[in-house]
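One structure is given here, and the rest of the page talks about it.
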Amino acid sequence: MTILADSTYFPWLLGIAATLLLVALAWRRPNPNRRVWRVLASILAGISLVLLIFPPSIRKTINPSTAILLTPNFNADTLAALLDTSVAAPQLFSYKTEADEATAIPHLYTLKQQYPALQTLHVLGEGLEQEELQLLESINLIPHVANKAEGIKTISWPEKVKLGERVVVTGKYKATKPTRLYLQAAGRVRDSLQVKPDSTYTFALSYTPKQEGRFTYQLLAKTDEKQDTLGQIPVQVQPVKPISILILASFPQFEFKFLKNHLGQLQHKVALRSTVSKGINQSEWVNLPETNLSSITPKLLQTFDVVITEPQALQSMNATERRALQQAVTENGLGVLTIASEPATNRNTTFFTSFRAQRLSQQDTRTADATWTGTGEASISVAPYSLIPTTAVTSLVTEKGNNLLAGFKKAGWGKVGFSFAPQTFPWQLEGKEAVYARYWAHVISEIAKPETNESFWQIRSPQVPLVNKAVTLQLTDYTLADATAKVQVFSLKDSLKADLSLAQVPLQPEQFTGTFWPQQTGWHVIQAPEKALYYFFVQDTSDWHFATSEAKREATLAFASSQGIKPTQASIAYQEEQVSILWFFILFVLSSGYLWLEEKL
């Protein structure tokens, strides 16, 4: 940079004259003491007085074609490194954040108009939203976005649960200080855990709702004495739909007797067939009309969602029965769970029992701390084996060490599962009815024939709907009905309604999408002719800030990578900035003050 003065010589001539006059007066003073200091002060006073009247300027080398845009949570070290590597100083802007020496940009759509030479824009911080990025199509974007240093990284919870099932909230939290996470429901803390400092912790918090309906829970974080609400957790608790279950046992046993009674109390439809002796079976029905269970036929299996059995019962079937059972799985979506105390080796049952296993103990049984749905542990007596995990096997029940006690594989439209937990009824005898109920509710719901919906709604994006932010809603309709009929979205808070226009997804005639701009937080419902109501929850923009930040980050990276703009050679320009007169004023006051004080001494 270069220091410039006025183009004329007048200020300098005036300064020289004033300085010489002050020096002469100081020198002619009869007192020879401090003469040198008087001369120096006179020179400084003369020069500073002229610079006060005619302040100089600094010429800076700038690059008008390149700029840096600072967005919220930008990294100061990244900014410093970027400035250090720049030959000419780029222009510095700030958007929705504050930064020293940065020019605030209130609206991006005027950026190109105000700075027509701008060709390259470095974006620091969280990034920009998709709508904002579209305003910068003609500018080459270079992103320098990073993940948030602390807080929620990921979060998920079930949109709907059945009454009696747990709501399990899972995610990752990065903490720099000791932090405690709380799950709050109905104004009370239902679950909590501690996150260690300087760590990223995978957490799971749970709560079992006591009644049906739509509820909103909260996830809280407490660090030191500060408590923050991270976001709302909307959940719809639906009534339990009765499931039809067929139990096939090779002999009467307590495990299946307790299970039959438990499922019957929950209003499930249960049929139990136990072999008493060769050719003689004992049949029981709960919440079902009596039917002939002596032979396993396709017609019989059509009335059931799940079959629970054991290897010996499968072996005792004839080939026609096993073929009917296999066909019901692959073609009709039936779920079959085989419970065993050792690996099944009979080749006739391979379709149902072909799970690789490993022996963990030489004893006949062992005690394991079983866990499922990522929450809690319950001690149970199991077989001395565990399933070997493979890409085809989905975990049902695990234990410490990631050993699989139970798992399932997809087979056509249905599922086949295998379990090394042959005795769960002791939980009932020990008074752990809640553990027993949660275990079987989880296992059966995972194995059972899936519900078929000819049409259903879902939120395509974003993960968390926010007020005044676009929400993409998707309707999947296999009935090929007219999905463009009048569709409306209602806010349950104030009954405000808005029409939703749907457009068919190219190459997928059964899917339709539409964009909705919510104006209110809270529960909303979609109403469409001959379609089930669909409820979803809109949150405030202060909730789940990580979701907004991550969406901006991904949008900025995707936008920059899709641009085909070739970078051009940087242009160099010069900008003059006036030096602050404050420094000259201070110098003048000090020097003239010294001359006045020295004369009094």
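The values are calculated or read from the model by the stated rules, or taken from the named source; none is laboratory data. For clarity, every value in this text was computed on a predicted model and none was experimentally measured. Note: ideal-geometry Cβ built from the backbone for every residue, glycine included; neighbour counts use all protein chains shown. Heavy atoms of the whole protein, side chains included, go into the accessibility calculation; ligands, DNA and RNA do not. Shrake-Rupley method; radii C 1.70, N 1.55, O 1.52, S 1.80 Å.
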Here is a check on your reading of the model: is residue 191 within 21 Å of residue 232 (Cβ to Cβ) and of a type in the set (Asp, Glu)? yes
Can you list the strands (runs of 3 or more DSSP E) found entirely within the stretch 356-398 that contain at least 3 residues being touching an Asp or Glu at 6+ places or on another chain (Cβ under 9 Å) and either at negative phi or surrounded by fewer than 17 Cβ atoms within 10 Å (Cβ to Cβ) (or both)? 366-372, 375-382
Restricting to the stretch 555-572, give me the number of residues that are assigned to a helix (DSSP H, G or I) and either at pLDDT below 85 or among the aliphatic types (A, V, I, L, M) (or both). 4
Looking at the stretch 211-220, can you tell me whether even one residue there is modelled with pLDDT under 90 and loosely packed, with under 15 Cβ neighbours inside 10 Å? no
Answer from 44, 52 - the residue that is part of a helix (DSSP H, G or I), open to solvent by 70 Å² or more (accessible area, probe 1.4 Å), modelled with pLDDT under 80 and not polar (S, T, N, Q): 44
Selection status of residue 303, under 49 Å from the mean Cα position of the chain (by Cα) and either surrounded by fewer than 19 Cβ atoms within 10 Å (Cβ to Cβ) or not aromatic (Phe, Trp, Tyr) (or both): yes
Within the stretch 498-509, residues open to solvent by 40 Å² or more (accessible area, probe 1.4 Å) and part of a strand (DSSP E or B) come out as 499, 503, 504, 508, 509
Looking at this structure, is residue 447 in contact (Cβ under 8 Å) with a residue 12 or more places away in the chain and either more than 30 Å from residue 73 (Cβ to Cβ) or in the same structural domain as residue 221 (by the TED database) (or both)? yes
For the stretch 423-440, which residues satisfy the criterion of being of a type in the set (Phe, Trp, Tyr) and part of a helix (DSSP H, G or I)? 427, 436, 439, 440
Which residue pairs have Cβ atoms closer than 7 Å, lie 6 or more positions apart in sequence or on different chains, and pair a first residue in the stretch 396-411 that is closer than 20 Å to residue 424 by Cα with a second residue that is open to solvent by 40 Å² or more (accessible area, probe 1.4 Å) and in a strand (DSSP E or B)? 399/369; 400/369; 404/395; 407/394; 407/395; 408/394; 408/415
With the requirement that a residue be closer than 12 Å to residue 372 by Cα and either modelled with pLDDT under 90 or open to solvent by 30 Å² or more (accessible area, probe 1.4 Å) (or both), what does the stretch 404-441 give you? 438, 441
Count - residues of the stretch 521-531 that are surrounded by 15 or more Cβ atoms within 10 Å (Cβ to Cβ) and part of a loop (DSSP other than H, G, I, E, B): 3
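To keep it simple, each residue is scored yes or no on (1) within 30 Å of residue 66 (Cβ to Cβ); (2) of a type outside the set (A, V, I, L, M, F, W, C).
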{"position": "103", "(1), (2)": "yes, yes"}
{"position": "116", "(1), (2)": "yes, yes"}
{"position": "119", "(1), (2)": "yes, yes"}
{"position": "132", "(1), (2)": "yes, yes"}
{"position": "155", "(1), (2)": "no, no"}
{"position": "161", "(1), (2)": "no, no"}
{"position": "178", "(1), (2)": "no, yes"}
{"position": "186", "(1), (2)": "no, no"}
I need the strands (runs of 3 or more DSSP E) fully contained in the stretch 256-317, keeping only those with at least 1 residues that are in contact with a Pro (Cβ under 9 Å, 6 or more places away or on another chain). 269-277, 280-286
What pairs can you find where one residue is in the stretch 310-335 and of a type in the set (Gly, Ala, Ser), the other is in a helix (DSSP H, G or I) and open to solvent by less than 80 Å² (accessible area, probe 1.4 Å), and their Cβ atoms are less than 6 Å apart, with a gap of 6+ or different chains? 324/298; 328/301; 335/447
